[in-house]
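Working notes, structure below.
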Amino acid sequence: MSVADTNWSEDLARYLYETGEDSFYTMKYFETIDSTNEGIKRAAAEGASEGLVYVGEEQTAGKGRLGRKWVSPAGEASYFSFLLRPKFSAEHVAPLTLVMGLSVAEAVQETVMLPVEIKWPNDIVIHGKKICGILTEAGLGSNGLMDYVVIGIGINVNNKSFDPSIADRATSLKLEWGGRDVSRALVTAASLKYFHRNYVKYCETEDLSGLIKDYNYLLASRDKQVRIEDPKGPYTAISRGIDKDGSLIVDLPDGTERKIATGEVSVRGIYGYV
Ligand code: BT5
């Protein structure tokens, strides 16, 4: 099967239609955009509805977390962001990044025969290298509920090489899959499909209870030793998986359990990035 994807936005629109996901998502494609997250935020300010998806062939100012940069050349990868208008309060927003991570991992599993894993909280890795980054941003309404949430995803699909500054930790589906081309439209449509499914589950309880099992199954560090880069001093522990709010539960050497909140510290495998 050929998966050449020169008209990939048309293919993406078709896959969303064929899976019925066009009832939730409305897609808009840009040859070039500063950042799909910024684009969705602008649309949100103008009153756009939940489910609006911006897809960029190229981003001129792709963003990571904490002001970091997301390398976003044209022609190889998938960059997309979408708008949610959740009816819950701010504390329920952070775990949505984990919901998205799980959804991308499921989509990658469906698209290629590769051992995909999640590096807590939200990096998707294959053979120990990062293939996807997720950036969630939110704005609060005057009533204390969320006005909007934007989830932005960058998936390295057909990248053949990476800038030396990230080459040791970044990879693409193509590089890991013996040089085969992978359809950007398929993996993007599948990510949106799984997110929609998982988001419905998330909204039932407003936490991860219905998704913990699926998430922990794909967690790279599960039952392995990890190094916790605590500002008070690093320590090692055994990772046991997440709980319903997305915290990582670890067992300390003295047998006690500790809960690590997302964003609090970084957790690494003891032999490298994962
Ligand atoms: C992330 O940040 O992983 C979130 C990235 C989100 C990107 C998407 S693309 C669509 C949407 N629009 C945007 O503007 N952003 C979102 P963080 O965990 O902070 O990781 C950033 C770090 O990953 C950088 O400092 C680099 O070390 C590395 N990096 C940069 N570009 C990369 C790439 N293409 N592949 C793998 N690693 C990369």
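Pick from Val71, Val104, Val125, Val99: which is within 13 Å of the ligand (Cβ to nearest atom), closer than 19 Å to Phe24 by Cβ and either outside any helix (DSSP H, G or I) or in contact (Cβ under 8 Å) with a residue 40 or more places away in the chain (or both)? Being within 13 Å of the ligand (Cβ to nearest atom), closer than 19 Å to Phe24 by Cβ and either outside any helix (DSSP H, G or I) or in contact (Cβ under 8 Å) with a residue 40 or more places away in the chain (or both) holds for just one of Val71, Val104, Val125, Val99, which is Val104.
Of all residues assigned to the stretch 74-92, at least one qualifies as being more than 14 Å from the ligand (Cβ to nearest atom) and under 17 Å from the mean Cα position of the chain (by Cα). Counting the residues of the stretch 143-157 that are at positive phi and not in a loop (DSSP other than H, G, I, E, B) gives 0. Scanning the stretch 128-169 for residues being among the aromatic types (Phe, Trp, Tyr) and more than 10 Å from the ligand (Cβ to nearest atom) gives a total of 1. Of the residues making up the stretch 128-172, those that are of a type in the set (Val, Ile, Thr), touching a residue at least 60 places away in the same chain (Cβ under 8 Å) and buried (at least 21 other Cβ atoms within 10 Å of the Cβ) number 6. Applying the selection to the stretch 95-111, what residues are out of contact with any Asp or Glu (no Cβ under 8 Å at 6 or more places or on another chain) and either closer than 20 Å to Leu52 by Cα or of a type in the set (A, V, I, L, M, F, W, C) (or both)? Residues satisfying the conditions are Leu96, Thr97, Leu98, Val99, Met100, Ser103, Val104, Ala107, Val108. What are the pairs with Cβ atoms under 6 angstrom where one residue, in the stretch 10-37, is closer than 18 Å to Tyr148 by Cβ and assigned to a loop (DSSP other than H, G, I, E, B) and the other, located anywhere, is more than 16 Å from the ligand (Cβ to nearest atom) and small (Gly, Ala, Ser)? Sequence gap at least six, or different chains. Partner pairs satisfying both residue conditions: Phe24/Gly51; Tyr25/Gly51. Just so you know, in the stretch 44-68 the residues that are within 8 Å of the ligand (Cβ to nearest atom) and surrounded by 21 or more Cβ atoms within 10 Å (Cβ to Cβ) include one that is farthest from Ser165 (Cα to Cα), and it is Gly56.
Let's see how each residue does on (1) more than 28 Å from Glu10 (Cα to Cα); (2) hydrophobic (A, V, I, L, M, F, W, C); (3) out of contact with any Lys or Arg (no Cβ under 7 Å at 6 or more places or on another chain):
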| site | (1), (2), (3) |
| --- | --- |
| Cys132 | no, yes, yes |
| Leu135 | no, yes, no |
| Leu145 | yes, yes, no |
| Arg169 | yes, no, no |
| Ala185 | no, yes, yes |
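Quick grid of which residues meet (1) among the basic types (Lys, Arg); (2) crowded, with 16+ Cβ neighbours inside 10 Å; (3) within 16 Å of the ligand (Cβ to nearest atom); (4) at pLDDT 95 or above:
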{"position": "Thr6", "(1), (2), (3), (4)": "no, no, no, no"}
{"position": "Arg14", "(1), (2), (3), (4)": "yes, no, no, yes"}
{"position": "Glu18", "(1), (2), (3), (4)": "no, no, no, yes"}
{"position": "Ser23", "(1), (2), (3), (4)": "no, no, no, yes"}
{"position": "Phe30", "(1), (2), (3), (4)": "no, yes, yes, yes"}
{"position": "Ile33", "(1), (2), (3), (4)": "no, yes, yes, yes"}
{"position": "Asn37", "(1), (2), (3), (4)": "no, yes, yes, yes"}
{"position": "Arg42", "(1), (2), (3), (4)": "yes, no, yes, yes"}
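The values are calculated or read from the model by the stated rules, or taken from the named source; none is laboratory data. Computed from a prediction, not measured in an experiment: that's the story for all the values here. All Cβ positions, glycine included, derive from the backbone under ideal geometry; neighbour counts span all protein chains shown.
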